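Below: the structure, in structure tokens.
What follows draws every value from the coordinates through simple rules; no lab data is involved. These numbers come from a predicted model, not from an experiment. In this analysis, Cβ positions are derived from the backbone assuming ideal geometry, glycine residues included, and neighbour counts consider all displayed protein chains.
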Amino acid sequence: MKNFIILFLILSSTGCVHYYYAPNAGNIPLFKEKNTFKGKAGFGGGNNYNGGDIQLAYSASKKIGIMVNSFFAGKTEKVDENFSTGATQEESGKGSYFEVGAGYYKAFGEKKLWIFETYGGAGVGGENHVYNSLETSKLNITKYFIQPSIGYSSHRGTLEVAVGSRFSGLNLKINQSNVSIANNQSSKKNLDYISIHPASFLLEPSIMIAAGWPNFKFYFELTTSQNLTNSNLAQDNSDANLGIKFTLKSNPNKKDNVKSGYMPPSIN
């Protein structure tokens, strides 16, 4: 019995839990007119990682918007390598993801304060893991998504509130792994599960609130992820993000002046 307890302590004190997917923040730009450029950058994470998002969007016409998003996440822990000697080693999991999308937006209501948007797109990424005994794995990420959302933007643009529901098709592919069941039993089982069940369908709702000035705001966003087809996938289920948003608009009079042939007077 005593030997069993010692063995249990050794197993429970070595290794950390590795996750193979975490949701990126939803990009909800809330466009009202064309030729508007919006961007945001935030830092945060989920239950088991730290990460950040950089997101850009542009309203190319009165109804069409495009976006480019990036997401970076990771975690490093020191874990006990040998319980009897107290030796430690680092285990880590790090990944990055990039996506592009395009879609439709429309401001509505008497004062055009409400906005409906729907974007669709695709992204790719990769992740690297280091386990106990310096075993490693590398995975590729492919994701397709459609994201309807509705939001409110005040008349002066100093307050924004939005909710969105992203539906994502996720595919994970193991490119390399030398993880053994002898050294990393739970991680080996999780990787074997991914090999058998590489595809998942996810529901990923977001809520975002931003406040500040018309062209510069601070924001908070929470995105959660529910795996509807592979509930046993080792994944993080949330992304909480704090950051900044900015807006750049083209001069609406510039185009009109060119069309009319009007040239502003020069001052000598």
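Residue-wise test of (1) farther than 23 Å from Ser250 by Cα; (2) in contact (Cβ under 8 Å) with a residue 40 or more places away in the chain.
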| residue | (1), (2) |
| --- | --- |
| Gly101 | no, yes |
| Leu113 | no, yes |
| Gly121 | yes, yes |
| Asn140 | yes, no |
| Pro148 | yes, no |
Restricting attention to segment 181-199, which residues are touching a residue at least 60 places away in the same chain (Cβ under 8 Å) and either assigned to a strand (DSSP E or B) or touching a His at 6+ places or on another chain (Cβ under 8 Å) (or both)?
-> Ser187, Asn190
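Every residue, every condition in (1) of a type outside the set (S, T, N, Q); (2) farther than 23 Å from Gly74 by Cα; (3) surrounded by 19 or more Cβ atoms within 10 Å (Cβ to Cβ), yes or no:
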| position | (1), (2), (3) |
| --- | --- |
| His155 | yes, yes, no |
| Tyr193 | yes, no, no |
| Ala210 | yes, yes, yes |
| Phe220 | yes, no, no |
Candidate set from segment 127-151 (those that are assigned to a strand (DSSP E or B) and among the hydroxyl-bearing types (Ser, Thr, Tyr)); member that is nearest to Tyr97 (Cα to Cα) = Thr142
Quick one: would you say His129 is without any contact (Cβ under 8 Å) to a residue 60 or more places away in the chain and either farther than 30 Å from Thr36 by Cβ or not charged (D, E, K, R) (or both)?
-> no
Consider Lys75 carefully, then state whether it is exposed (fewer than 15 other Cβ atoms within 10 Å of the Cβ) and touching a Lys or Arg at 6+ places or on another chain (Cβ under 9 Å).
-> no
